Amino acid sequence: MTSPRDNPPPAAAGPGSLVRQVTWQTIRERLIRWVLFACAGLSVVTTVAIILVLLSEAVFSLPPHKAFFQQVSVREFFTETRWTPDFEGDGQQHYGILPLFAGTMLIVVTSGLVGLPIGLLAAIYLSEYAAPRTRSILKPVLELLAGVPTIVYGYFALKFITPYVLRPVFQDWLGFNVDTFNALSGGIVVGIMIMPMVCSLSEDVLRAVPQSLREAGYALGSTRFDVSVRIVVPSALSGILASFILALSRGIGETMAVAIASGQQAQLTANPLSQIQTMTAFIVNVMKGDVPPGSTLESSIYAVALVLFAITLTLNVISQMILRRYREVYQ
Amino acid sequence: MTTVPEHYSRRLAHRHRLGTVFEWACRVAAWGSVLVLAVLLIAVTSRAWHWLDWQFLTSPNDYEAERAGILGGFWGSFWLVGLTGLMTVPVGIGAALYLEEYAKPNWITRQIQLNIANLAGVPSVVYGILGYSVFIRFFGFFDRPQTYELALGFTNVRFHLPLGTVVLSGALTLCLLSLPVVIIASQEALRAVPPSLRHASLALGATKWQTIRYQILPAALPGILTGVILALSRALGETAPLAVLGAASHVDFVPGRIRGAGDLMANPGKLLQAPFDGFTAIPLQIYTWVNDNSRDLRDSVSAAGIVVLLVVLIAMNGVAIYLRQRYQQKIRW
């Protein structure tokens, strides 16, 4: 039976009705939505601005002003083996990025050799071996290590690692010449810097490996070592790889530690004990002084930054693709 | 009763030995981080010890090691991080709110999300170049800087367009740099708020914004705060973008030329002038000192600067931990 109370009269558009109407509140709601959308859109604007700024100074520019690649050929930039944009050396300017690229690679390789294995081993320890109490001590220490500003690592490399670690070992004992500024000290501290990142990212993927896989391994008579190295690590391999790539990309972009510890002399060398200059260090070194606006030296900064941006972006995208594919497997 | 063949038990023993060696390798790798941190702190503080005095903390920079101090850098960093926080926090939380609470999972949202993740990986020097081109050179639109004066009745604020190497340019650059970190951290905090809370609030008739304002934001606050402080402490330690902006290293004044609390009381206008004044920052000071010709500046004064930087960082993180615990106690679900 229906009573009059169950059948209210058709809703009239008035206060208390359920018909949607435009009030100050709905306007406010819509306004807030747009403001928040603008906040999120700012990140896109930033990306566009970065690309636009780099391209407009490096690749093409409006007529009175000349972009870098309108003054220096792309071929020279990528094949020339000298980088002397500020008249040093034989008094001639050469714009070949190879020495800077080689310097960056030297740093990346040494930091990778230090940071990646140690980071992975520490991650395996935290995920497979450590007691919860140990974890609660080690995790904050790793966070602290990751939070130390890079300039502090630069000082540490220049004032501690080179004179008290590298000089005694390589110069006094093995007889090599160790420059005051050298790639190895920079590479080691960059390795220390990326190690916590590798550790925390890898630990996340190691812990995401289902417990049933471990139990199956133990049931078949595996030792703890077998389970860790032959079951857990291979299952998490793609995630570990992604963390490695991300860490190396961080190493490529690392600036201050390298600028302080590894020197400011662009040279094409594979000797980690000699002075080098990375792409990032070049940028900081030129920009911290007075750069003549509109000069080729100034626009060369943008060309180097464009290469740097392209490399790190590619590595980041690859690592994200790997991570995304990996997540789909276990969830 | 079956017996295990001898070569089996030998192999098992071998595997156990291997396992022990591996476990120790892992243990050394993990505890090595503690060792490295300890060595780093000891190496820096031992160098800094004799230079860390009241004079160092209260003097501006100087070419003489005996008279050099961190005051200009400290207040420069204070202004930089303060302004960065004022700009980054609302925008970052706003972006996170849009992505978590409003955005539909469509192509545009995925692109924005991907874009933020990529921005987080852009090297900080590139942000420096962006800041230099946009805030300092204004894309080269101006032939020479124009000076403007804003009359506010009680004081006049003078600024240039393009901005030039002032606190505001540095803060804007650091803001762009730290936005992705704040957004990602805030998103994680928002995602941790249980959906039942949203449903309950909406079911009681609250609008979407009321739900966010009175339910979701308070619940997500501890996580957001942690992310914000993390991002700001990274901004505090950033050197490369500021060096690329061309921030003068031998600045021997405090932004706004504020000479203490009494001076500020007499001329409150200096507070508004400070963002448009030149600056240096703690990490920039360290960088300058490390490159200096004077041995004392290079070895010891820079170490003293590092100690100040680390102490400020630890203090900021301490505040974060305190705030997180304080707010966490109030929430129960």
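The values are calculated or read from the model by the stated rules, or taken from the named source; none is laboratory data. The structure presented is a predicted model; accordingly, all values stated were derived computationally and were not measured. Cβ atoms come from the backbone with ideal geometry, glycine included; neighbour counts cover every protein chain shown.
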ask   = A:Gly263 versus (1) buried (at least 17 other Cβ atoms within 10 Å of the Cβ); (2) at negative phi: which is the lone unmet condition?
value = (2)
request  = Name the single residue, out of those in region B:22-69 being under 24 Å from B:Ala261 (Cβ atoms) and of a type in the set (D, E, K, R), that is farthest from the chain's Cα centre (by Cα).
outcome  = B:Arg67
query = Can you name the helices (runs of 4 or more DSSP H) wholly within region A:121-222 that have at least 3 residues being more than 10 Å from every other protein chain (Cβ to nearest Cβ), surrounded by 23 or more Cβ atoms within 10 Å (Cβ to Cβ) and touching a residue at least 24 places away in the same chain (Cβ under 8 Å)?
reply = A:183-207
message = Looking for something closer than 21 Å to A:Lys288 by Cα, in the same structural domain as A:Lys159 (by TED's automatic domain parsing) and modelled with pLDDT of 90 or more - is there at least one such residue anywhere in region A:237-251?
response = no
query = If B:Phe279 passes every condition in (1) within 12 Å of another protein chain (Cβ to nearest Cβ); (2) in contact with a Pro (Cβ under 8 Å, 6 or more places away or on another chain) but one, which one does it miss?
reply = (1)
note = When restricted to A:Ser73, A:Ser56, the only residue within 10 Å of another protein chain (Cβ to nearest Cβ) and among the hydroxyl-bearing types (Ser, Thr, Tyr) is A:Ser56
key: Residue count, region B:58-73 (criterion: touching a helix residue (DSSP H, G or I) at 6+ places or on another chain (Cβ under 7 Å), surrounded by fewer than 22 Cβ atoms within 10 Å (Cβ to Cβ) and either touching a residue at least 24 places away in the same chain (Cβ under 8 Å) or within 30 Å of A:Ile161 (Cβ to Cβ) (or both))   = 3
request  = Give me a count of the residues in region A:257-316 that are facing another protein chain (nearest Cβ under 9 Å) and not in a helix (DSSP H, G or I).
outcome  = 6
key: When residues of region B:118-176 are limited to those that are crowded, with 16+ Cβ neighbours inside 10 Å and among the aromatic types (Phe, Trp, Tyr), the one farthest from B:Ala247 (Cα to Cα)   = B:Phe159
key: Positions within region B:69-125 being hydroxyl-bearing (Ser, Thr, Tyr) and facing another protein chain (nearest Cβ under 8 Å), in sequence order   = B:Tyr98, B:Tyr102, B:Ser124
query = Taking A:Gln93, is it of a type outside the set (Phe, Trp, Tyr), more than 12 Å from every other protein chain (Cβ to nearest Cβ) and out of contact with any Phe, Trp or Tyr (no Cβ under 8 Å at 6 or more places or on another chain)?
reply = no
message = Whether any residue in region A:101-123 is out of contact with any Gly (no Cβ under 6 Å at 6 or more places or on another chain) and modelled with pLDDT under 90 is what I want to check.
response = no
message = Give me the residue from region B:244-257 that is in a helix (DSSP H, G or I) and within 13 Å of B:Val167 (Cα to Cα) and, out of that set, nearest to the chain's Cα centre (by Cα).
response = B:Leu245
